[in-house]
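Read the structure below first, then the notes.
A short reminder: the numbers here are calculations on the coordinates, not readings from a lab. Since the structure is predicted, the reported quantities are computational estimates derived from the model, not experimental observations. Heads up, the Cβs are rebuilt from the backbone with ideal geometry, glycines too, and the neighbour counts pull from every protein chain shown.
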Amino acid sequence: MSEYTANVKLNTTKKGLIVRLIKDGTVIDHIPPGKGIKIAELLNLFNQDSVVIIGQNLESTKYGKKDIIKVENRFLKSEEYNKISLIAPYATINIIKNYEIVEKKKVVIPDVLEDVALCNNANCISNKEPVPSKLYVISKEPLIVMCHYCGYEFSGENIRLKT
């Protein structure tokens, strides 16, 4: 029995806090503190009928503090994983079915970001013409990307994601 399943039966965590568990859906864990709302907005989670639970500044033995998002009856697409990786490069995605974790994945920053983020160069053709954006990841730590069209380089902290 997994810890997740054990918590369903008890409806508590190890420290006795009541936690709302989901039967089926997605849990995004290990989000840097303060980034949970940004990810929820990016994934358009507030405009759906699904139950969305966001925990902020929770204790984490691995990272000190973290945010977490639980979304009932919603499973993410690969392009959504790519967007999450740019905001929370150490996030873990857990797929839950019948209160069990059936799949666990770490997000990975891809080598090429296609139609995920925008070039920061206002004069770039990708910002003026209807062409899909394409950025190459030059460095993952720290995150530095370069535009396919104009060669403009910028840091991940300045990245503008497509919504």
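Is segment 112-161 best put as rounded, prolate or oblate by its Cα gyration tensor, with a ≥ b ≥ c the root eigenvalues, rounded for a/c under 1.5, and otherwise prolate when a/b is larger than b/c, oblate when not? It is prolate, given that a/c is not under 1.5 and a/b is the larger ratio. Compared with the direct C-alpha span, the chain from Phe46 to Cys150 gains 34.0 nm at full extension, assuming 0.36 nm per residue.
Put a plus charge on the Cβ of each Lys and Arg, a minus charge on the Cβ of each Asp and Glu, and nothing anywhere else: the dipole of the chain about its Cα centre is then about 520 debye.
Helix 78-87 and the long axis of the chain differ in direction by around 90°, with both axes built from C-alpha atoms. When the C-alpha to C-alpha distance is required to be over 27 Å, the pairs from Lys97/Lys162; Lys35/Lys62; Lys70/Lys162; Lys66/Lys106 that qualify are Lys97/Lys162.
Take the Cβ atoms of Ile95 and Glu141, set R0 to 25 Å, and the FRET efficiency comes out at 0.40. For the chain, the mean residue ellipticity at 222 nm estimated from helices alone is -4000 deg cm²/dmol, where every DSSP H run of n ≥ 4 contributes -39500 (n - 2.57) and the total is divided by all residues, rounded to the nearest 500. With a cut-off of 12 Å between beta carbons, the residues surrounding Leu135 carry a summed charge of -1, where Lys and Arg count +1 and Asp and Glu -1. Between Val131, Val107, Val116, the GNM of the chain built on Cα springs shorter than 10 angstrom shows Val131 fluctuating the most.
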